[in-house]
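The values are calculated or read from the model by the stated rules, or taken from the named source; none is laboratory data. Predicted, not measured: the structure shown is a model, and the values here were computed from it. FYI the Cβ positions are ideal-geometry reconstructions off the backbone, even for glycines, and counts take in every protein chain you see.
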Amino acid sequence: MKPFDRSIKIAPSILSADFANFGAECRAIEAQGADWVHVDVMDGHFVPNITFGPATCAAIRKHIRGVMDVHLMIAPADPYIEAFVKSGADIVTVHAEAGAHLDRSLQLVRSFGAKAGVSLNPSTPASALEFVLNRIDLVLVMTVNPGFGGQSFIDSQIEKVGQLRAMIGDRPIHIEIDGGITPETAPLVAAVGADVLVAGSAVFKGGSVETPEVYGRNIASIRAAAEAARQKFAA
Ligand code: DX5
Ligand code: ZN
């Protein structure tokens, strides 16, 4: 991974890609300007949907040159953390709500050599992270209830992002936003301190591996909207 910075990074979620064609889809989004590739793992228990496990992550890894960002929506997470890190994930994010021992889960992720992230559901307060800040490289704020792509952005989360930005201060911790991100909603979170924007539907809509330039235009418009909000905020 590149050294830490707070520049805007776009992380397309392959939840909205063609599941029969992940390799080509990953190559296409990276060629079209994606900074990270966001991989949504769902277990049908922690969230009401099932995607795939570590074997699929390992297969996808071969088609990603940059950062593979794995979002675990599974409970329990601990028994599977080693397998997901070994599948080639650069970042493994666990949910704060997925188990009783978040501190231990985060130590496990780092012990296998990956960056550690924590995700917060919309109803979980920022304060849930107060005593694990020294164990994390990323916080993932869910701006939808996890489980499905294509849901509407929950705007109460904007205040939470601002609170997290203040808590983090100078620490090298990314703030990633996931759910309902579009060129309209990206500025709302970029302005209060988010740096990594996950987008599924808004990146993949209208395009395919045969028309990857559509992905490129979608990525560019989310990035432009977020960067403009940043500049306004800084001014
Ligand atoms: C939701 C997933 C998201 C999802 C985002 O549970 O974690 O990554 O794919 O999809 P959009 O951008 O369509 O809301
Ligand atoms: Zn996700």
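Side notes on the structure shown:
- Where strands (runs of 3 or more DSSP E) sit wholly within segment 1-93, those with at least 3 residues that are β-branched (Val, Ile, Thr) and modelled with pLDDT of 95 or more occupy 36-42.
- Of the residues in segment 185-201, not one is away from ligand 2 (no atom under 16 Å from the Cβ) and at pLDDT below 95.
- Here ASP69 qualifies as closer than 17 Å to VAL198 by Cβ, within 14 Å of ligand 1 (Cβ to nearest atom) and acidic (Asp, Glu).
- Test: residue in segment 217-233 that is hydroxyl-bearing (Ser, Thr, Tyr) and either touching a strand residue (DSSP E or B) at 6+ places or on another chain (Cβ under 9 Å) or in a loop (DSSP other than H, G, I, E, B) (or both): no
- PRO212 satisfies every condition listed in (1) within 16 Å of ligand 1 (Cβ to nearest atom); (2) more than 13 Å from ALA11 (Cβ to Cβ) except (1).
- Remark: pairs (first residue in segment 142-153, touching a residue at least 40 places away in the same chain (Cβ under 8 Å); second residue assigned to a loop (DSSP other than H, G, I, E, B) and near ligand 1 (Cβ under 6 Å from one of its atoms); Cβ separation under 7 Å; 6+ apart in sequence or on different chains) = THR143/GLY179; THR143/GLY180; GLY149/GLY200.
- Within segment 1-55, the set of residues being over 15 Å from ALA199 (Cβ atoms), aromatic (Phe, Trp, Tyr) and within 16 Å of ligand 1 (Cβ to nearest atom) comprises PHE19, PHE22, PHE46, PHE52.
- Any hit, segment 129-137, residues being over 15 Å from HIS174 (Cβ atoms), surrounded by fewer than 19 Cβ atoms within 10 Å (Cβ to Cβ) and either within 18 Å of the chain's Cα centre (by Cα) or hydroxyl-bearing (Ser, Thr, Tyr) (or both): no
- Sole exception among (1) within 16 Å of ligand 2 (Cβ to nearest atom); (2) closer than 23 Å to ASP103 by Cα for LYS160, by number: (1)
- Selected residue [farther than 26 Å from SER127 by Cα and loosely packed, with under 15 Cβ neighbours inside 10 Å] from GLU210, GLU159: GLU210
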